[in-house]
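Below: one structure in structure tokens.
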Amino acid sequence: MSHDASPRPLLAQAPAAPLSGTHRVPGDKSISHRALMFGALAIGTTAIEGLLEGEDVLRTAAAMRALGATVDQQGPGAWRVAGRGIGGLTEPADVLDMGNSGTAARLLCGLLAGHPIFSVMTGDASLRRRPMLRVTDPLSATGATFWTREGGRLPLAVRGATDPLPLDYRLPVASAQVKSACLLAGLCARGTTRVVEPEPTRDHTENMLRHFGATVRVEDTAEGRVIELEGQPELRAAPILVPGDPSSAAFLLVAALLVPGSRVTIANVGLNPLRTGLFATLREMGAELRVENARVEGGEPVGDLVAAHGPLRAVEVPPERAPSMIDEYPVLAVAAASATGTTRMRGLAELRVKESDRLAATAAMLAANGIAVSIEGDDLLVEGTGGGIPGGGTVATHMDHRLAMSTLVMGLAARAPVAVDDAGFIETSFPGFADLMNRAAGNKAIRPA
Ligand SMILES: O=C(O)C1=C[C@@H](OP(=O)(O)O)[C@@H](O)[C@H](O)C1
Ligand SMILES: C=C(OP(=O)(O)O)C(=O)O
């Protein structure tokens, strides 16, 4: 849904039958954005299979077109990008609207910093609230000039550097978006770009850079993970196979764990170890969850997830695990609500700057449905019932797709139906979410409110 569409309330209730069957979730959002961007920078035509056709990724496709790349859909999930080469993007004739997508906006800042062109970028009301100084500050050291609205918010304007300098930057927060923005700018700079991250974050950018022929070195040191990129490589078009998004699989997975009698298989899920913190946490909670057919496809580990209903117990989730499950806390909180004992999720400051303040919104989602919850500093504490979730609440989703989907998963496991005020933003990352859940449940457990 774009930000001016009317709200779409939905309601979820306990399904008449357990969840079952084998299902596939849409392509990985992080990899899809990057595939389009790298395709646009490469020489030749990049063929992408399994691209996520969610609104966030379609914003990136539109931006790459506006910057001069040729981007075509050949069939469902099958896309072709004819690139312009490093430094070859051309000035866009109009404002670049990145919709609801932080990843699209921040990675694009990196690309634009490295090209001597003028651009203006905006987004929807959610994205216009999110902090951009975390990318514009370090990227300014390339020689690019950024102008932002008060507080470093969108809309922003940027004049990219004519002869960009390589960055040497230590990330103040663990953020794959900031890391990737620096590396994308570094592609256009002469010399070595160096980024140090305090905790390792998803490494799809590094993997894809190598896949397209760039030289990237990664080393774990006492100061953190050091990533070095040799600037101005010739990126050569390379085929991309996008795996199913583990962050989307999380919703069906948690629903299967919570709805009695359920057993589902989610085929072809990306299992990059920097994305699988939720799966490790659920196993610690006692979940029956295993991987079948583990394999490597398109340079990323992939497998089929098999999950079955069973009792869960509370755990403490350490802060250093946050980067590997940063988008999964709302749905983990739903699992924690039905576990035995109090789950403490530590170090969640970054959740405050997502599509919504996800820390506050997750607490409100649970509280509206009869679960005792509290926030202590940057920690979220959820008092599990050890049995069912009362439900019966209506949850404000604040333009946040993950809040909407987590709420609907809770409704499937609750005693009374649970509603969301607006499910439209689910289209940003998981088109067909309600249909897929209803197929797994064999009935209309999720329907318009
Ligand atoms: O690089 C990426 O593709 C992403 C990085 C994460 O954001 P941060 O870099 O802000 O942690 C994550 O929340 C987002 O959904 C996707
Ligand atoms: C935080 C998310 O995405 P983005 O930052 O790209 O808006 C998300 O998908 O949960």
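The values are calculated or read from the model by the stated rules, or taken from the named source; none is laboratory data. Nothing here was measured: the structure is a model prediction, and the numbers come from that model. No Cβ is skipped: glycine too gets one built from the backbone with ideal geometry, and neighbour counts run over all protein chains shown. The accessibility values were calculated without ligands, DNA or RNA, using every heavy atom of the protein model including side chains. Shrake-Rupley method; radii C 1.70, N 1.55, O 1.52, S 1.80 Å.
Given a 1.4 Å probe, how much area per residue of the range 286-427 is accessible, in Å²?
On the way: 4560 Å² over 142 residues.
On a per-residue basis, the range 286-427 sits at 32 Å².
What percent antiparallel are the DSSP beta bridges of the chain, to the nearest 5?
Values: 61 of 82 bridges.
So the antiparallel bridges in the chain amount to around 75 percent.
Okay, next question. With the Cα gyration tensor of the range 148-223 giving a ≥ b ≥ c as the square roots of its eigenvalues, does the rule (a/c under 1.5 for rounded; else a/b larger than b/c for prolate; else oblate) give rounded, prolate or oblate? Write out the running numbers ahead of the final one.
On the way: a/c = 1.84, a/b = 1.29, b/c = 1.42.
Oblate, since a/c reaches 1.5 and b/c is not below a/b.
Starting from the Cα gyration tensor of the range 297-449, take the square roots of the eigenvalues, sort them a ≥ b ≥ c, and report rounded, prolate or oblate (rounded when a/c is under 1.5, otherwise prolate if a/b is larger than b/c, else oblate). Intermediate results must be reported in sequence, preceding the final value.
Values: a/c = 1.26, a/b = 1.10, b/c = 1.15.
In terms of gyration-tensor shape, rounded.
A further question follows. Just to check I understand the Karplus step: with θ = phi - 60° and J = 6.51 cos²θ - 1.76 cosθ + 1.60, what whole-Hz values come out for the range 153-163, glycine and proline as x?
Taking θ as phi minus 60°, the curve returns 9, 6, x, 10, 10, 9, 10, x, 6, 6, 10 Hz for the range 153-163.
What is the spin-label model distance, in nm, from Val291 to Thr385 if the labels are put 7 Å beyond Cα along the C-beta direction?
It is 3.4 nm.
Sticking with this structure for a sec: Considering the chain, what Rg and Dmax in Å follow from its alpha-carbon atoms?
Taking only Cα atoms of the chain, I get Rg and Dmax of 21.1, 63 Å.
Sticking with the crude label model, points 7 Å out along Cα→Cβ, report the distance from Thr90 to Thr342 in nm, one decimal please.
6.2 nm
Restricting attention to the range 149-229, which trypsin sites (Lys or Arg not before Pro) occupy a DSSP loop and are surrounded by at most 14 other Cβ atoms within 10 Å? Spell out each step's value before the answer.
Working: sites: Arg149, Arg153, Arg159, Arg170, Lys179, Arg190, Arg194, Arg202, Arg210, Arg217, Arg225; in loops: Arg190, Arg202.
Taking the range 149-229 and a limit of 14 other Cβ atoms within 10 Å, the loop trypsin sites (Lys or Arg not before Pro) found are Arg190.
About the Cα centre of the range 29-231, how large is the charge dipole given +1 on each Lys and Arg Cβ and -1 on each Asp and Glu Cβ? Please answer in debye to the nearest 20. Intermediate results must be reported in sequence, preceding the final value.
On the way: 22 positive and 22 negative charges, 54 e Å.
Using only the charged Cβ atoms, the result is roughly 260 debye.
If you roll a 1.4 Å probe over the heavy atoms of the protein chains, what accessible area per residue do you get for the range 46-192, in Å²?
Details: 5080 Å² over 147 residues.
Roughly 35 Å² per residue, with all protein chains present.
Taking a label point 7 Å from the Cα of Asp163 along the Cα→Cβ vector, which residues of the range 63-105 have an amide N closer than 15 Å to it?
Output list for this probe position: empty.
Same structure, new question: Suppose every Lys and Arg Cβ carries +1 and every Asp and Glu Cβ carries -1, with no other charges. What dipole size does the chain come out with about its Cα centre, to the nearest 20 debye? Intermediate values should be presented prior to the final figure.
Details: 42 positive and 48 negative charges, 79 e Å.
The dipole magnitude comes to about 380 debye.
How would you classify the range 29-231 from its alpha-carbon gyration tensor, with a ≥ b ≥ c the square roots of the eigenvalues: rounded for a/c under 1.5, else prolate if a/b is greater than b/c, otherwise oblate? Spell out each step's value before the answer.
Numbers: a/c = 1.38, a/b = 1.13, b/c = 1.21.
Rounded is the answer for the range 29-231, as its axis ratio a/c remains below 1.5.
I've got another one for you. Could you pull out every residue, at least 5 positions away or on a different chain, whose amide H is within less than 5 Å of the one on Ile240? Hs are placed 1.01 Å off N in the peptide plane, and Pro or chain starts have none.
Residues meeting the criterion, in which the H sits 1.01 Å from N, are Ala47, Ile48, Glu49.
Choose one of Gly160, Met208, Ala441: the residue whose Cα lies farthest towards the positive end of the charge dipole of the chain (beta-carbon charges +1 Lys, Arg; -1 Asp, Glu; about the Cα centre).
After comparing all options, I get Ala441.
Measure off 7 Å from each Cα along the Cα-to-Cβ vector at Asp357 and Arg313, then give the distance between these two points in nanometres to one decimal.
Placing both labels 7 Å beyond Cα along the Cβ direction yields 3.5 nm.
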